[in-house]
1. Residue by residue through region A:302-320, note down the ones that are away from every other protein chain (no Cβ under 12 Å) and out of contact with any helix residue (DSSP H, G or I) (no Cβ under 6 Å at 6 or more places or on another chain).
2. So the check is Cβ under 6 Å with 6+ separation or different chains; which pairs have a first residue in region B:279-294 that's touching a residue at least 40 places away in the same chain (Cβ under 8 Å) and over 17 Å from B:Ala136 (Cα atoms) and a second one that's in a strand (DSSP E or B) and of a type in the set (A, V, I, L, M)?
3. When only residues in region A:36-58 that are more than 9 Å from chain B (Cβ to nearest Cβ) and under 29 Å from the mean Cα position of the chain (by Cα) count, which is least open to solvent (accessible area, probe 1.4 Å)?
4. Cβ contacts < 9 Å: first residue part of a loop (DSSP other than H, G, I, E, B), restricted to region B:254-265; second residue acidic (Asp, Glu), any location; separation 6+ or different chain. Result?
5. Can you give me the number of residues within region B:198-216 that are surrounded by 18 or more Cβ atoms within 10 Å (Cβ to Cβ), in a loop (DSSP other than H, G, I, E, B) and more than 11 Å from chain A (Cβ to nearest Cβ)?
6. Would a scan of region A:59-74 turn up a residue that is in contact with a Pro (Cβ under 8 Å, 6 or more places away or on another chain) and either of a type outside the set (D, E, K, R) or surrounded by fewer than 22 Cβ atoms within 10 Å (Cβ to Cβ) (or both)?
7. Please indicate, with yes or no, whether at least one residue in region B:32-55 is within 27 Å of A:Pro161 (Cα to Cα) and open to solvent by 60 Å² or more (accessible area, probe 1.4 Å).
8. Name the residues in region B:117-135 that are buried (at least 24 other Cβ atoms within 10 Å of the Cβ), under 15 Å from B:Asp182 (Cα atoms) and not β-branched (Val, Ile, Thr), would you?
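The values are calculated or read from the model by the stated rules, or taken from the named source; none is laboratory data. Every value quoted in this text rests on a predicted model; they were computed, and no experiment measured them. Please note: Cβ atoms are built from the backbone with ideal geometry, for glycine as well, and neighbour counts cover all protein chains shown. These area figures cover heavy atoms from the full protein model, side chains too; ligands, DNA and RNA do not enter into them. Shrake-Rupley method; radii C 1.70, N 1.55, O 1.52, S 1.80 Å.
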Amino acid sequence: MSDKKVATPLLDKIEGGAWPSFIKEIKAEAHRPMVQDLLGVLERSYEERIGHWKHGGLVGVMGYGGGVIGRYCDLADEFPEVGEFHTIRINQPSGWFYNSEALRTLCDIWDEHGSGLTNMHGSTGDIVFLGCRTSELEPVFDKLTKAGFDLGGSGSAMRTPSCCVGPARCEWACYDTLDACNDITQSFQDELHRPMFPYKYKFKFSGCSNDCVASIARSDCAVIGTWKDEIQIDQKEMAVAAKNGTDIQAEICDLCPSGCMNWDGKKLDINDAECVKCMHCINVLPKALKPGKERGATILVGGKAPIIGGALLCAVLVPFLEMKKGYDDLKELTEAIWDLWGEHGKNRERVGEFIQRIGLSNFLEQIGLEPVPDMISHPRTNPYIFFEDELEDDDE
Amino acid sequence: MSNPERITDIGPPHYEKFLPPVIKDNYGKWAYHEVLKPGTMVHVGESGDKLFTVRAATPRLMAIATIRKFADLADKYCDGYLRFTSRNNVEFLLTDEKKIDALTKDLLDLGYLVGGIGNSISNIVHTQGWVHCHSAATDASGVVKAIMDDLHPHFSNMDLPGKLRIAFACCLNMCGAVHCSDIAVLGVHTKVPSIDHDELPKVCEIPTLISSCPTGAIRPATVDGKKSVEIEGPNCMYCGNCYTVCPSVKINNAEGDGISIWVGGKVSNARHEPMFSKLAIPFLPNNPPHWPEVVEAVAALVKVWKENAKKHERMGEWIERIGWPKFFEIADLPFTRYHIDDFKHAGETFKRSTHIKH
């Protein structure tokens, strides 16, 4: 068996070309019988235009309810080496920083126990080991934890949080995204490894509203850096930028969504009370403009992709939160949300869908937040108001 | 069963041990950055320290053989330090500007293009597809490869009006936020699932299966004396949620599966608020290994945006300025009944004014 080499005429056709080649990557590990069979299954999919993987089955490591996704092949008779081809999610370090030694350690473990194929990284942010037999899960886990790594989340659990590069290499980070991400991950290990929610709950941490980890679209709780005071302006650098060809009026003032800027040819004036912290001007002129000094984050909740009730962007819950180390306010808020949603959420109902079902006002009341106009794009237009007196009468 | 040596719940390694000294010294004290050339930028600290970044595309699906090569490059040029980005690029972190060219050459020689910074197409975020996913309507890596084999000059150069974020998902689960991308390429199923009535009662919980359907199209039924379900075809929107909870309800279909294309989404708050991507092309055939129809459609969209958008204008901002009728006209795309929403809140997408360009 180990000598067999699967013919892949269709895959061979897309192996070349300028863009980095996933076929070359797979073939780089094709000395393993498992990867030969993977090539065989994939070639078959290219011939037949249909996938050959099956979901599910309870597989995992002892004491954890997640981190491993069961994957089986429906052509196992023909390609027995990929009959079991599970995914292992490994929690990445904040900001996806590594050194060569840590990467080699991961490679050594996967070399010995699996397919040698990975994703760097999965959609949620984990390091992904693709293709593990059930019997190898415990040995992989044992070696990972001894090397200081742990599994990520799957199923109806807190999923592996992720964050942007933050203050490690970005002058726009309005709070320490790496520390916040690491702190939340470490503080909620039980919720990460042992699914106990109605459905998944994702955290993403972006240092500014450019939102490099797409938190507003991809997470149940988006923590997006912002500031309260004035944009810092270096007027000398403004003049240099203008001299070097940036059309300040057209590229900065005219594109400002709140129209809060004025350029007289020498000096930029910003009406900061009108600024919506969109980052456009700062993006274009990183030498001349910087976020203000009174920094924190906007907390938004309820983002998700379409399954099941349609896609949602996150909605504002806390317009401005100081992101003090320890993150007690964020943790308290999170636990209030989990308590409410955990008790009343339906099976496979994301928190965004839950809020729509019970109403944002009810949700706010239950978690102890006052309604503020920053939470809405406009007040209601329909007159069907559930006045509280009515509710109280019902209660009695 | 208990194992005294068993280590659990340790969480990820602390990021601090993977930060190079220049980052530790300038953490939170970066003054500004400049893009030096495609794929290369410098961050300058308030201290005056400089950190150079060289960004290269990976195919996301990576062999450990490749990761070891990246580790070797990190040792050779960066004292062992590197990172990955949210769009599956690898970034090498240098303090010596003189090493940039040699590193870039080594990356190009290995087949990993350098680019993806500034007004360019960054790496396409994508899903598993036929390599590993159960509900994939198409392959992911293959379509992405075909598209970028064609569009890679826009990764390696900064020749676009603004940033262009392309994302790919192989089914409506949309792993990876394709729903907020400038161009979203999305695998779709278009046929009602077939049911294996012999297998279903053995492997699936029928109440869970019934409640998994967002449109209530699944009903209990007895088939040949066995407890199973039936699907009301006209109410099925091919989301595949039933298949995820029950493998006996088979959504994958070689004839019906294909690809749709969506445009104008963004996650950044810069200028315009974040937006969902909207339907441009409802269905293109699944045509491996090169998916020529998909590549052609994506390339045409990039071209029409590049030729018509103003500087800094993302795809969605450009379309909003000119209006959707004009977009369909100049992109030369047919407008069909499928473009009109008929799910929840569909009414919010109807035009309810006379602001029409004639």
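1. We begin by selecting, within region A:302-320, every residue away from every other protein chain (no Cβ under 12 Å); these are A:302, A:317-320.
A:Leu317, A:Val318, A:Phe320, listed by residue number.
2. So the pair list comes out as B:Ala280/B:Ile261; B:Ala280/B:Val263; B:Ile281/B:Ile261.
3. Top of the filtered list is A:Gly57.
4. B:Ala254/A:Glu48; B:Gly264/B:Asp182; B:Gly264/B:Glu317; B:Gly264/B:Glu320; B:Gly265/B:Asp182
5. 0
6. Step one: filter region A:59-74 for residues in contact with a Pro (Cβ under 8 Å, 6 or more places away or on another chain), giving A:65-66.
So of that shortlist, the ones also either of a type outside the set (D, E, K, R) or surrounded by fewer than 22 Cβ atoms within 10 Å (Cβ to Cβ) (or both) come out as A:65-66.
Scanning region A:59-74, I find at least one residue that is in contact with a Pro (Cβ under 8 Å, 6 or more places away or on another chain) and either of a type outside the set (D, E, K, R) or surrounded by fewer than 22 Cβ atoms within 10 Å (Cβ to Cβ) (or both), so the answer is yes.
7. The answer is no; no qualifying residue exists.
8. Those that are buried (at least 24 other Cβ atoms within 10 Å of the Cβ), under 15 Å from B:Asp182 (Cα atoms) and not β-branched (Val, Ile, Thr): B:Asn123, B:His126.
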